[in-house]
Every structure is written in C-alpha cells, then in structure tokens.
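The values are calculated or read from the model by the stated rules, or taken from the named source; none is laboratory data. Since the structure is predicted, the reported quantities are computational estimates derived from the model, not experimental observations. So basically every Cβ, Gly included, is an ideal-geometry build from the backbone, and we count neighbours across all protein chains shown. Keep in mind that these areas ignore ligands, DNA and RNA; they rest on the heavy atoms of the full protein, side chains included. Shrake-Rupley method; radii C 1.70, N 1.55, O 1.52, S 1.80 Å.
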Amino acid sequence: MYDSPIAHDWLCISPSLDGNRSVRIIDIPEYSKHHFLSIITQKPEEFTYIIPFIVSSNQLADFSTSIPSMLGLHLASIGDNWEIYLNGTLLRREIHLDTSGFITTHCNYRDLLISFPPSLLRTGSNYLLFHIIGDPANPMVGLNSSSPYRIANLDLLRLTTKTTFETTLSIIYIFMGLYIFLINLSKTFTFMRTFGLFSLILGIYFLCRSSILYQWISNSELLFKIEISSLFLILPTTIFFLSGFLPPEKVRQRINIGLYILYGLFTLLGLIFPPAFGHDLVNLWGIISIFTSLYILGYILLWHFFITLQKELNRAS
C-alpha cells in the first residue's frame, strides 16, 4: 500500500527509550484541538498511523511451525473508530459513522486482541497500518496507552490478557455490596449500608475497566461514563463510612459536606458532558484526590485514632 512509511509528507515519531509510547492525537500539536475542560465536540477527523517492524526468517519459521500457528496482535488501547491493516490486509474494522460523518458507536477499547495467520507476515520489513477516526480534542483518540503493543502466539497472548479472575471478582463485589445494602436498608446500621454501597461502586468501577464487557456493550462511551462516575464516588463513600464511627464534629461535618458536593458535581458533569471533558475531570480528580486522601488518612483516621486512644488512656489512669 505504501512504499515507505518514512516520507516527506509523514510526521515521524521516534520510539521512547524504554520502548513504551502512547501516540494520542492530542499529544501531536499539529493535529490536536484539545482545550482543557472544553465541552465542545469537534467533528471527527481521519488519521493514519504506520508502524514498521522487522521479522527475521527464523522468527517467521517459528511462527509458521508452531501449533497452533495462529498469531495475535495485542493492543493496550485504541480509539475512537478505527481499522487495522497488516501488510495491506484488513485485520479488523470498527468504523460506525452516520451520513454526516459523526460517530454513532464509540470503540475506545482496552486490551484488544486480534488473531491472524502467520502467512500475513513476510521476511524483512512489515507494516501495521492504523486508520483512526475521531474527535481531535478527545484524549482517547489514537493509541492512548503506553504499552503493551505486541505480536506473539495467540494462545500466549490469551493467557496474558485473560481477565476472567478480575471480572469475576468485580461481579462478586457488586453482588456482595448490593446484598449488604439491601438487607440493611430498613435497619439503623448506616455504616453497613455505606459499606455495601462502597463495595457496589468499587465493583462497578473495576468491571467497567474489563475488556470482556466489549463483547456485550460495544459502545465504549457509555462504559467510560459509568467508569469515571463510579471512580468519583469512591472517596466520598469512604469518608461517609469512616465518619459513621466518629462522634459528631461541626468542622469535620462541614468539610465532609463540601467534599460530597464537589465529588457529586464531578459525577454529574462526567455523565452529562462528552468524554474529552470527562477525561479532563479525571486529571483534575487525580490532584484533588491526593488532598482528600491526606484528609482521610491524617484527620479522620490518625488524628481521631490518637485522640480516642489518649482519652482511653486517661480514663484508665
């Protein structure tokens, strides 16, 4: 399809020193239209990545004689709409556009595994081509994780990318949390309801990060909104749970209410606005959560623990 991926009209991006690199459109100044906390959705544009790699004759012989001989392409993540070619042969296509050129089904996928026969490889130079369509302001458009991107035996890749245990654990968290929440709904044990809610939220968050869900829910935008919403609710639920064990205190209650409002606003905005805005919220959450965690650890846990311990020691003496 292309004589050389290194031509004058191509932008060449060198590999990183450790071999890991994400190539998002927003990281390429010539094409990025990303503005922090912008709610404007840009019309999708088309981008093409070509990744050259070398296959030796010995490697090709090993691939061809292995049983089973099917190979796999493992992508850490790719989005938004895309199609992938290996040496000119289509491996997979996920392009869903309406007549106006806007995306109808978003396909920002993690841990994507695509099988192909070794016959598609050739000795010497080989090319992977990624034709990507997406909003140039969206941080998830492109190859948006740093690693791993690899070609290997299909069975080996299936073992390394298998998420059955994590998915099962997430489902257990969800059902356990839902059960604890419901059986304590009419009781006075507020901390038990809160613990059940925390388990439910945590299970939903980890389940939404599992690649197995793409088999049932193909639209990744819905999963992303649920994922970040559950993420924003983890810390305020933790605060509410731990505060239930402490005596009432006006200063702490005011701080808690302020944090509940803040994280509640994050959750609402993450559900309403487009993924690009939600991604910026996650970055902002990452900074605020540091101070929130220090508040939980330093003030709610350690400070009140030592105060309670001192009171008990004074009482004993």
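Assorted remarks:
- Packing here is the average count of other Cβ atoms within 10 Å per residue, and on that basis the peptides 150-159, 222-231, highest first, run 222-231, 150-159.
- Segment 125-211, dipole about Cα centre (Lys/Arg Cβ +1, Asp/Glu Cβ -1), debye to the nearest 20: 240 debye
- Close Lys-Lys pairs in the chain, where close means Cα under 26 Å and separation is 8 or more or interchain: 6
- For the chain, the Kirkwood estimate of the hydrodynamic radius, built from every pair of different alpha carbons, is 22.8 Å.
- Given their separation in residues at 0.36 nm each and the Cα-Cα distance between them, Leu297 and Thr104 gain 65.1 nm when the chain is fully extended.
- Of every Cα-Cα pair in segment 190-288, the percent that sits beyond 17 Å: 56 percent
- Shape call, segment 40-164: gyration tensor on alpha carbons, a/c limit 1.5: prolate
- Between Phe306 and Ser186, the FRET efficiency from the beta-carbon distance, with R0 = 30 Å, is close to 0.25.
- Averaging Cα coordinates gives a centre for segment 191-221 and one for segment 125-151; these two points are 26 Å apart.
- Per the Kirkwood formula applied to alpha carbons, segment 132-257 shows a radius of gyration over Rh ratio, Rg over Rh, of 1.10.
- Dipole of the chain [Lys/Arg +1, Asp/Glu -1 at C-beta], most positive-end residue of Phe191, Gly101, Gly134: Phe191
- Per residue, the accessible area of the chain comes to 56 Å², computed with a 1.4 Å probe over protein heavy atoms only.
- Between Gln215 and Thr160, residue separation times 0.36 nm minus the direct Cα-Cα distance comes to 18.0 nm.
- Between the Cα long axis of helix 250-272 and the first principal axis of the chain there is an angle of about 30°, rounded to the nearest 10.
- Annotation for Ser119 and Trp10: the two label points, set 7 Å from Cα along the Cα-Cβ direction, are 2.7 nm apart.
- Approximate shape of segment 120-197 as ellipsoid semi-axes (Cα gyration tensor, √5λ), whole Å, largest first: 45, 20, 8
- Heavy-atom accessible surface of segment 166-317: percent carbon and sulfur, 1.4 Å: 75 percent
- Mean Cα-pair separation over length for the chain, i.e. relative contact order, pairs under 8 Å, 6 or more apart, %: 19 percent
- Carbon and sulfur %, accessible surface of segment 60-152 computed with the full protein complex present, 1.4 Å: 52 percent
- Think of each Lys and Arg Cβ as +1 and each Asp and Glu Cβ as -1; about the Cα centre, that makes the dipole of the chain roughly 1340 debye.
- Projecting the Cα atoms of Asn153, Leu213, Ile40 onto the charge dipole of the chain, computed from C-beta unit charges around the Cα centre, puts Leu213 farthest toward the positive end.
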